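Here's the structure, in structure tokens; my notes come after.
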Amino acid sequence: MASPVAPRFTPETTPDQRADGAEQIRIAVARNERDVPIPPHPTNGDEAEYETKTGNYSKGLPHNDAGEVDLAAYQAMLTALRTGKVADFESIPLGGAVPLVDPQSGLAYDLEGADSHQLAIPAPPALASMTKAAEAVELYWMALMRDVHFSHYESSDLAEEAAKELSSLAGFSRRLDGVHEQVTAKTLFRGFTDGDLKGPYISQFLYQTLEFGAAEVVQRFQTLLPLSKGGTNWMTDVPSWLDCQNGQGPLAGAWKTPSDAPNRIDPVRRYVRSGRDISQYVHEDVLFEAYFNACLYLIDNDARLNPSNPYLVSKNQTGFATFGTPHLKTMVAEVATRALKAVWFQKWLVHRHLRPEAYGGLVENARNGVKQEVHLPESILNSRAVERCMSSNGTALLPHAFPEGCPQHPSYAQGHGAVAGACTTVIKAFFDENWELPNPMIPTEDGLALAPYDGPDTLYLGAEVEKLAANIALGRNHAAVHWRSDYTQAILLGEQVAISILKDQMATFNELPLIRATGWSFTGFRGDTIQLVA
């Protein structure tokens with residue numbers, strides 16, 4: 001999509017000419033976006049395959065004792081999504097008091113960037129597929145290893161066992177191309193980029209101290225107590241699991257006994273060390289928070305800007321509202337809200353994919369001989385991870401980090417992931433990806449302090465910010481509320497959103513001729529070069 005040249009406004013330009021120029025830009029950009037075709041939005045076929053809607057999201061609607069949704073309620077939800085009428089949305093029956101989360105947002109329009117319906121992602125793995133079973137096995141292992149220090153993975157017997165089982169599953173892949181590879185303790189639960197495999201599991205952007213205006217921000221966070229110190233895993237018994245499916249869980253205040261109190265919070269704030277720690281971070285975060293903080297750190301540490309920044313060659317000017325730090329900081333939030341509209345369209349209007357907690361109910365039913373439509377692969381029913389959960393909890397349900405389990409919106413794709421992809425793309429567009437991060441750190445055993453990282457890898461901005469995106473998105477998986485494919489495709493969707501917004505903005509800049517002289521590019525999540533201006 002080519003960007004039209006912004007009309008100039010000089011002292012000789014009349015107010016009417018300026019107004020006409022603004023109108024021309026708006027129309028030209030709108031026409032450019034109008035010419036982008038709306039692509040097909042294929043589904044995995046589960047909604048048509050299963051009469052009981054077993055393969056689709058239904059949390060918050062009424063369910064029977066086996067966890068199957070009331071079909072009349074499900075049909076009412078489909079009717080609302082088809083008609084778009086506010087009254088039809090208000091008529092969707094709930095099984096409890098917890099509301100559905102914003103099913104109408106996928107119908108919203110936007111005034112900048114591509115329309116949400118113009119952005120496509122592939123269908124998620126089907127319910128009965130080997131790939132979905134492999135993703136489930138990974139989640140069971142994540143739950144089992146929730147309290148293992150990330151730095152201990154390479155010496156952990158549990159990590160070795162997890163890597164061995166995941167390596168044995170042909171349906172499992174960490175890679176974007178879907179190619180199966182041997183999983184090791186070093187690659188376990190890591191993201192799909194090459195940079196994700198460099199250095200510590202957690203990105204430096206979640207460790208380093210930063211300045212928020214005049215305030216110092218030390219990134220020790222609220223964490224949850226591990227199981228060994230009185231912490232809790234949730235929804236490991238059928239009654240509490242069924243309550244959550246009906247929307248009658250903790251958010252509705254339906255505590256059964258004092259022992260059902262909310263998560264046990266560690267009274268001391270710590271640096272992120274484990275799956276449970278990162279789960280709590282993504283339970284409480286403002287969605288663009290980590291990337292805004294990364295911007296603050298990079299600016300305070302004089303990180304190099306993208307070589308295409310037009311003010312790098314200026315003799316007497318610097319950027320501010322355009323191509324300066326205020327532009328960058330506000331862009332992170334700007335792309336986030338639009339990424340959410342794009343992913344909510346996929347969630348509600350296209351896929352309505354089931355959450356991992358619902359899949360855990362299917363595993364529990366299958367192991368107990370409960371009759372159900374789907375026949376799950378033996379690779380999940382006989383999984384060593386599931387066996388370990390059975391031994392610990394007495395059920396094959398997937399242990400959750402949050403009392404309420406997942407939020408009440410469908411799984412595919414992931415909101416945190418879409419925001420991660422969009423915000424990270426902005427950071428890569430504004431900064432030099434090859435800038436080396438100074439003084440990398442890792443947390444001490446107790447998480448109360450940081451120590452120097454003395455590993456073999458050099459940590460670069462581009463790789464570490466992509467790792468940050470994976471940490472946040474996969475942090476939701478550590479909590480057991482999302483699938484690996486939710487993260488992968490959401491990251492790529494968010495990237496598309498940010499690129500479309502950046503390209504639209506190009507038309508408005510007086511500096512555009514300078515940018516055209518050098519081009520504006522960065523590396524995408526697929527490892528390709530993204531060219532914003534040709």
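FYI, it's all coordinate maths here, none of it is from the lab. All of these numbers come straight from a predicted model, not from anything done at the bench. Neighbour counts are summed over all protein chains in view; Cβ atoms, including those assigned to glycine, are modelled from backbone coordinates with ideal geometry.
Would you mind classifying region 200-339 by shape? Square roots of the alpha carbon gyration tensor eigenvalues, ordered a ≥ b ≥ c; an a/c under 1.5 is rounded, otherwise it is prolate if a/b is larger than b/c and oblate if not.
Prolate.
Tell me, what is the percent relative contact order of region 70-203, built from C-alpha pairs under 8 Å that lie six or more residues apart?
15 percent
Arrange the peptides 299-310, 197-208 so that the one whose residues have, on average, the most other Cβ atoms within 10 Å appears first.
My ranking of the peptides, most packed first, is 197-208, 299-310.
Please compute the net charge surrounding HIS152, taking Lys and Arg as +1 and Asp and Glu as -1 over other residues with Cβ under 12 Å from its Cβ.
Summing Lys and Arg as +1 and Asp and Glu as -1 gives -4.
If I model region 152-240 as equal point scatterers sitting on the Cα atoms and use the Debye formula, what is log10 I(q)/I(0) at q = 0.16, 0.21, 0.24 Å⁻¹?
-0.94, -1.09, -1.15
Among the aspartates and glutamates, which have Cα under 16 Å from the Cα of LYS85 when same-chain residues fewer than 8 positions away are ignored?
Filter leaves ASP102.
ALA336: net charge of surrounding residues, Cβ under 15 Å, Lys/Arg +1, Asp/Glu -1, itself excluded?
Values: positive: LYS329, ARG338, LYS341; negative: ASP102, ASP110, GLU112, ASP285, GLU289, GLU334, GLU495.
Charge balance in the 15 Å sphere: -4.
For region 385-462 and region 339-368, write down the distance between their C-alpha centroids in whole Å.
21 Å
With everything on Cα atoms, drop me the angle between helix 157-167 and the longest principal axis of the chain, reported from 0 to 90° to the nearest 10.
Roughly 80 degrees between the two axes.
For LYS59, which aspartates and glutamates qualify as cross-link partners when the Cα separation must be under 12 Å and same-chain residues fewer than eight apart are set aside?
GLU68, ASP70, ASP243, GLU357, GLU404
Got the relative contact order for the chain handy, in percent, Cα pairs under 8 Å and 6 or more residues apart?
That works out to 24 percent.
Could you tell me which label, among (1) 1.41; (2) 1.03; (3) 0.98, carries the value of Rg/Rh (Cα atoms, Kirkwood Rh) calculated for this structure?
Read-out from the structure maps to (3).
Which net charge results when you count Lys and Arg as +1 and Asp and Glu as -1 among the other residues whose beta-carbon is under 13 Å from that of GLU211?
-2
7 Å from Cα along Cα→Cβ at both LEU381 and LEU78: what's the point-to-point distance in nm?
2.7 nm
Suppose a student asked you for the relative contact order of region 392-499, using Cα pairs under 8 Å spaced at least 6 residues apart; what percent would you report?
With pairs under 8 Å counted, the relative contact order is 47 percent.
Using alpha carbons only, how many degrees (0 to 90, rounded to 10) separate the axis of helix 484-506 from the longest principal axis of the chain?
The angle comes out at about 20 degrees.
So which lysines can LYS428 reach, going by Cα to Cα under 25 Å and dropping same-chain residues fewer than 8 places off?
LYS198, LYS315, LYS329, LYS341, LYS467, LYS503
Working only with C-alpha atoms, what are the Rg and Dmax values of region 429-484, expressed in angstrom?
14.0, 36
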